[in-house]
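Student: My structure is below; once you've seen it, I'll send some questions.
The values are calculated or read from the model by the stated rules, or taken from the named source; none is laboratory data. Just so we're clear, the structure is a prediction, and the values are computed from it rather than from any experiment. We place every Cβ from the backbone using ideal geometry, glycine too, and count neighbours over all the protein chains shown.
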Amino acid sequence: MSIEGALNADLSKKTLLLGLKLWVLIGVFVGTFILLILCVLSVWVTLGRRSRRSIDKFSFSQIPNVSKDIKVDEVEDQSSNGLPESLLLPVRDRLSDKNSEKMLAYLRMSKSSDPDTISQCSAVYRREKGVSSRSVEEGSSATVQKQCAPSNSGQVTASPLVGLPEVSRLGWGHWFTLRDLELATNRFSAENVLGEGGYGVVYKGRLINGTEVAVKKLFNNLGQAEKEFRVEVEAIGQVRHKNLVRLLGYCIEGVHRMLVYEYVNNGNLEQWLHGAMQLHGSFTWEARMKVVLGTAKALAYLHEAIEPKVVHRDIKSSNILIDDDFNGKVSDFGLAKLLDSRESHITTRVMGTFGYVAPEYANTGLLNEKSDIYSFGVLLLETVTGRDPVDYDRLANEVNLVEWLKMMVGARRAEEVVDPNLEVRPSTRSLKRALLVALRCVDPHAVKRPKMSQVVQMLEADVYPFRQDQRNRKSRTVSMEIESFKEESNAEGSRSNATATAS
């Protein structure tokens, strides 16, 4: 018998296992072995993918989704470095959860697109700690621009995020662990408390790279902390402007929600006007106008240079931080709303601080950027007069700052409204200009209020004066406008008296 025939005979023999032939049994074993190998490979690949996803989620998966009551739109920035990817503001449809992935996709940008290493588009002003900025200033012009421009800043300082672990970097900032912030604040020591508000406590801290920061630890009060946390991250997470307090990063761990900002070490406007900072030196007229101008530039940027526009909704003196050079920096975006370019307003629950809230918003709940402009006008009057927006310790006709100011201007007593704490009084021209801008901003008719870019132009004409002949001409214009306002105030008063008499 040949070898082949003997082999076939052996393979055809029946075995004790279910009477199967030997060649069938060998085939079953070989097939089972191959399937086992494939299963092992499949499990290995799956575990590898899950491991990579867990690393991504460690840094990104807890990025808060856009709040459902905020409708936003898409925006594209140009990059001076010619990056292949555009920087996108997060987009979310009110009824779709798929768009939450767009937020994650945005944040999963390569490290080379970190805003600390690229130049970004901007408006109004350009100067930022770090290489990047979204703001630009050309001469004394405050016209809002929506295109990139070359930097004219002569000094560039290091990013506050330099030296921190790269694994924790986001596209726009840094992801901090609870342990990072406990070390930075000495376990949230009471000695490091900078202030406390309705939604949390702010601590001073120092990161491992030596950068001083302000850490806002939000209260865990029935979801309000979560909502404020999301709003702040969405509103200013990737926004860069000299006059906006920069959000460096955040922490989500268990029930803890914390925001990490740049540290601004010269108090806030409220402290300089009414509080302890008065003991640190004189708050001159020039310094006040510089703070106000910086605030106006920040609002012009938020309202007119980015899409969707950001309505702050809580502009007040305590939310205007001041640095060593008396640059005003707008902070606390916990109540901010994003407004689509196609929307003239949104309807929302009335929030804000009494005395600063625009009358139409307080009465109807209709919100747009004009509400911020009214609040800015009150802020400007507070800066000029040194008075609180509402002060019940004063006489009945002086309780409301806006109404008292209108009464004083109508009575031709504008010179008497200046803060008595000013060691050197402003010039008549400067005072009239500030009052005119403020009165326009607090006009009871929202449509008559100027845009913030126009406010910036009017204020810059005073902070950065033109030639003498231009100053004289503009001074005459301001005087005529003040006189016009007086006449309107007197006419309204006469009509009111006539109506009361008729009744």
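Student: Report, by residue number, each residue of region 439-458 that is part of a helix (DSSP H, G or I) and over 23 Å from A414 (Cβ atoms).
Tutor: A446, V447, M452, S453 - these are the residues of region 439-458 that are part of a helix (DSSP H, G or I) and over 23 Å from A414 (Cβ atoms).
Student: Now for a different question. Being under 21 Å from the mean Cα position of the chain (by Cα) and modelled with pLDDT under 95 is the filter here; which residues of region 345-360 pass it?
Tutor: Those that are under 21 Å from the mean Cα position of the chain (by Cα) and modelled with pLDDT under 95: H345, I346, T347, T348, R349, V350, M351, G352, T353.
Student: Looking at this structure, is E226 among the acidic types (D, E) and more than 15 Å from the chain's Cα centre (by Cα)?
Tutor: Yes; evaluated as a whole, the condition is true for this residue.
Student: Cβ contacts < 6 Å: first residue over 17 Å from L269 (Cα atoms), restricted to region 327-356; second residue outside any loop (DSSP other than H, G, I, E, B) and among the small types (G, A, S), any location; separation 6+ or different chain. Result?
Tutor: A336/A235; V350/A362
Student: Sticking with this one: Do you know which residues across region 197-216 are in contact with a helix residue (DSSP H, G or I) (Cβ under 8 Å, 6 or more places away or on another chain) and either within 17 Å of R246 (Cα to Cα) or surrounded by 14 or more Cβ atoms within 10 Å (Cβ to Cβ) (or both)?
Tutor: If the condition is that a residue be in contact with a helix residue (DSSP H, G or I) (Cβ under 8 Å, 6 or more places away or on another chain) and either within 17 Å of R246 (Cα to Cα) or surrounded by 14 or more Cβ atoms within 10 Å (Cβ to Cβ) (or both), then Y199, G200, Y203, K204, G205, R206, L207, V213, V215 are the ones that fit.
Student: With the condition kept exactly as written, say whether any residue in region 369-381 is among the aromatic types (F, W, Y) and either surrounded by fewer than 17 Cβ atoms within 10 Å (Cβ to Cβ) or free of Cβ contacts under 8 Å to residues at least 40 places away in the same chain (or both).
Tutor: no
Quick grid of which residues meet (1) of a type in the set (D, E, K, R); (2) within 30 Å of I346 (Cα to Cα); (3) at pLDDT 95 or above; (4) in the same structural domain as V456 (by TED's automatic domain parsing):
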site: K370; (1), (2), (3), (4): yes, yes, yes, yes
site: G377; (1), (2), (3), (4): no, yes, yes, yes
site: T385; (1), (2), (3), (4): no, no, yes, yes
site: D388; (1), (2), (3), (4): yes, yes, yes, yes
site: A396; (1), (2), (3), (4): no, no, no, yes
site: V402; (1), (2), (3), (4): no, yes, yes, yes
site: L405; (1), (2), (3), (4): no, no, yes, yes
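Quick grid of which residues meet (1) of a type in the set (G, A, S); (2) closer than 29 Å to C251 by Cβ; (3) modelled with pLDDT of 75 or more; (4) assigned to a helix (DSSP H, G or I):
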position: N8; (1), (2), (3), (4): no, no, yes, yes
position: W44; (1), (2), (3), (4): no, no, yes, yes
position: S54; (1), (2), (3), (4): yes, yes, no, yes
position: F58; (1), (2), (3), (4): no, yes, no, yes
position: L83; (1), (2), (3), (4): no, yes, no, no
position: S86; (1), (2), (3), (4): yes, yes, no, no
position: V91; (1), (2), (3), (4): no, yes, no, no
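Student: Checking N397 against (1) without any contact (Cβ under 8 Å) to a residue 12 or more places away in the chain; (2) closer than 15 Å to Y356 by Cβ: exactly one of these is not met. Which one?
Tutor: For N397, the exception is condition (2).
Student: Name the single residue, out of those in region 272-297 being closer than 26 Å to V231 by Cα and in contact with a helix residue (DSSP H, G or I) (Cβ under 9 Å, 6 or more places away or on another chain), that is surrounded by the fewest Cβ atoms within 10 Å (Cβ to Cβ).
Tutor: Among residues in region 272-297 that are closer than 26 Å to V231 by Cα and in contact with a helix residue (DSSP H, G or I) (Cβ under 9 Å, 6 or more places away or on another chain), the one surrounded by the fewest Cβ atoms within 10 Å (Cβ to Cβ) is L293.
Student: Does at least one position in region 413-420 carry a residue that is on the phi < 0 side of the Ramachandran plot, β-branched (V, I, T) and at pLDDT below 60?
Tutor: no
Student: Another question, then. Go through the residues of region 352-364 one by one and say whether even a single one is aromatic (F, W, Y), closer than 25 Å to V239 by Cα, assigned to a loop (DSSP other than H, G, I, E, B) and out of contact with any Gly (no Cβ under 8 Å at 6 or more places or on another chain).
Tutor: Yes, region 352-364 contains a residue that is aromatic (F, W, Y), closer than 25 Å to V239 by Cα, assigned to a loop (DSSP other than H, G, I, E, B) and out of contact with any Gly (no Cβ under 8 Å at 6 or more places or on another chain).
Student: Looking at V239, V233, V255 in this structure, which one is more than 15 Å from T211 (Cα to Cα) and without any contact (Cβ under 8 Å) to a residue 40 or more places away in the chain?
Tutor: From the options V239, V233, V255, the qualifying one is V255.
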